[in-house]
Amino acid sequence: MTEAAPEAVTAITPAPRLRVQSMKEYHPPLGNRDLLRLDFNENTLACSPRVREVLGRISAGDLTRYPEREPVETIVAAHLGLAAPQVALTNGVDEAIHVLFETFLEAGDELLLPVPTYTMYEVYASATDAHLVPVLAADDLQFPIERLIAAITPRTKIIAIANPNSPSGSVASRAQLLQIAHRAPHAVLLVDEAYFHFHGETVIDLVRALPNLVVARTFSKAYGLAGLRLGLLAGPVELMRWVRRVLSPYSVNSLALACLPPALEDSSYIDWYVSEVLRARHDFEAALDAAKLRRWPSCANFILVDIGPQHAEFVRLMRAAGVLVRDRSSDPGCDGRVRITIGTREQMQQAVLALNEAIAALKLGGEAQ
Ligand SMILES: Cc1ncc(COP(=O)(O)O)c(C=O)c1O
């Protein structure tokens with residue numbers, strides 16, 4: 001017997017929220033990356049061997065359970081000198097940003113964002129009904145403290161600051177962050193310390209004293225765990241209570257949770273990796289200066305370089321030489337600028353060879369640029 005054909009469904013495509021209709025899909029250029037990865041500011045080498053050991057011991061049975069985040073939050077909080085209710089683990093800092101925006105931003109609210117900065121703030125802001133207020137840095141790309149203070153209004157609800165910032169590598173000082181927190185007591189001040197280890201300065205201790213400060217950290221950069229998706233938010237208990245209502249209880253998976261304590265314990269691995277990158281950054285700065293390319297001072301594991309009108313060709317030539325770098329030309333105030341992640345000294349020697357070939361081929365540097 002033949003089955004009757006299903007009744008035709010009237011073709012109506014359900015419409016998403018208006019804000020979603022005006023959003024663009026964001027596709028970071030993640031394809032074909034089996035080269036020297038100087039494009040996403042990741043650790044370019046490996047995570048701690050202790051993390052690998054723990055991963056190897058995870059059994060099939062372990063994977064059958066739902067992940068339990070609280071015991072690991074307690075360990076992380078102790079590591080940071082905070083109480084467990086002040087810390088929430090997240091699926092990378094990206095989830096932390098998303099959840100914070102969903103928790104606090106309403107129609108009519110303003111999100112203050114010094115730009116250029118990390119792309120995902122704008123992506124997640126565009127999914128809310130809040131109004132994005134970009135605060136453009138001057139040509140030196142230093143933190144625009146005066147302009148930011150001047151942009152605070154009674155409607156300011158979140159001020160999001162990457163510190164160090166990407167793609168510039170510039171920083172806001174502790175005094176400047178305190179000034180902002182005091183000038184906008186009605187707003188949440190998010191300080192995203194994704195690149196903390198390369199800078200060495202933090203305001204995470206201030207979450208015990210300031211009622212409106214929230215600090216984000218990631219395990220994607222110095223720790224070398226970008227693939228596991230691990231981040232955290234630290235803030236006053238009163239704010240974190242709201243955040244936990246929105247945060248999924250299962251968004252940090254059990255592999256990530258198992259790897260976090262050994263990653264934290266192995267501080268000598270982080271110390272080694274960070275000092276290696278800082279030495280490599282010093283050498284790479286010298287190579288850029290010798291080539292007479294304009295660069296911006298960086299407190300992180302990357303450097304923004306002015307390549308000029310041939311930026312796309314430069315990125316293509318670097319890829320052809322086996323080195324991935326990131327064109328930031330479409331960022332506000334960044335036309336012609338390319339961001340180069342710093343890896344180990346050995347890796348950066350390869351990068352310098354590729355750089356010098358590209359410079360020669362395109363006649364870059366100094367007056368020629
Ligand atoms: C400032 C900043 N915050 C957060 C992230 C992303 O962190 P995660 O991998 O934990 O989502 C990045 C990644 O480039 C970044 O530059």
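Since every read-out is calculated from the coordinates, none of them should be taken as a lab result. As the structure is a computational prediction, the values presented were derived from the model and not from experiment. Note that we place each Cβ from the backbone using ideal geometry, even for glycine, and neighbour counts take in every protein chain shown.
The table below gives the values:
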quantity: Sites R52 and R294 - FRET efficiency at Förster radius 45 Å, r taken between beta-carbons, to 0.05; calculated: 0.65
quantity: Charge dipole (the chain, unit charges on Cβ, about Cα centre) - positive-most of P164, N32, V246; calculated: P164
quantity: Long-range HN-HN contacts of S298 with modeled amide H, under 5 Å; calculated: none
quantity: Relative pair counts by distance (%), Cα atoms of the range 126-190, 10 Å bins; calculated: 20, 55, 24, 1
quantity: Alpha-carbon Rg with Dmax, taken over the chain, Å; calculated: 22.2, 81
quantity: Kyte-Doolittle mean at least -0.5, axial Cα span of 30 Å or more - DSSP H helices of the chain; calculated: 267-290
quantity: Calculated log₁₀ intensity ratio I(q)/I(0) where the Debye formula runs over C-alpha points of the range 31-157, q = 0.09, 0.11, 0.16, 0.19 Å⁻¹; calculated: -0.45, -0.66, -1.12, -1.22
quantity: Per-residue ³J(HN,Hα) for the range 330-343, Karplus 6.51 cos²θ - 1.76 cosθ + 1.60, θ = phi - 60°, Hz, x for Gly and Pro; calculated: 7, 6, x, x, 10, 4, x, 9, 10, 9, 10, 5, 9, x
quantity: Contact order relative to length of the range 300-369, as percent, for alpha carbon pairs under 8 angstrom and 6 or more apart; calculated: 36
quantity: Spin-label pair E201/L35, simplified geometry with 7 Å Cα→Cβ offset, distance in nm; calculated: 3.6
quantity: A78-T10 FRET efficiency (beta carbon distance; Förster radius 56 Å; 0.05 resolution); calculated: 0.45
quantity: Cα centroid separation, the range 188-266 to the range 74-126 (Å); calculated: 9
quantity: Two-decimal Rg to Rh for the range 67-112 - Kirkwood Rh, Cα set; calculated: 1.10
quantity: Bridge type composition, the range 59-265 - antiparallel percent by DSSP, nearest 5; calculated: 30
quantity: Pair-distance profile P(r), taking every C-alpha pair of the range 282-369, with 10 angstrom steps and integer %; calculated: 18, 59, 23, 0
quantity: Relative contact order of the chain, pairs being alpha-carbon contacts under 8 Å that are 6 or more residues apart, as %; calculated: 22
quantity: With at most 10 other Cβ atoms within 10 Å, longest stretch of the chain clear of loop GluC sites (Glu not before Pro) (DSSP); calculated: 107-369
quantity: Difference of contour (0.36 nm per residue) and Cα-Cα distance, A60 to Q350; calculated: 100.3 nm
quantity: Dimensionless Rg over Rh [the range 59-265; C-alpha; Kirkwood]; calculated: 0.96
quantity: Whole-number percent relative contact order across the range 59-265, with pairs defined as alpha carbons under 8 Å at least 6 apart; calculated: 27
quantity: Zone residues, the range 150-186, relative to W242, backbone N less than 15 Å from point 7 Å out along Cα-to-Cβ; calculated: 155-160, 184-186
quantity: Projected-area average for the range 223-369 over all orientations - Cα convex hull basis, square nanometres; calculated: 11.6
quantity: Modelled label reach - D335, point 7 Å along Cα→Cβ, the range 81-125 residues with backbone N closer than 20 Å; calculated: 115-117
quantity: Unit charges on C-beta of K, R, D, E only; dipole of the chain, Debye; calculated: 180
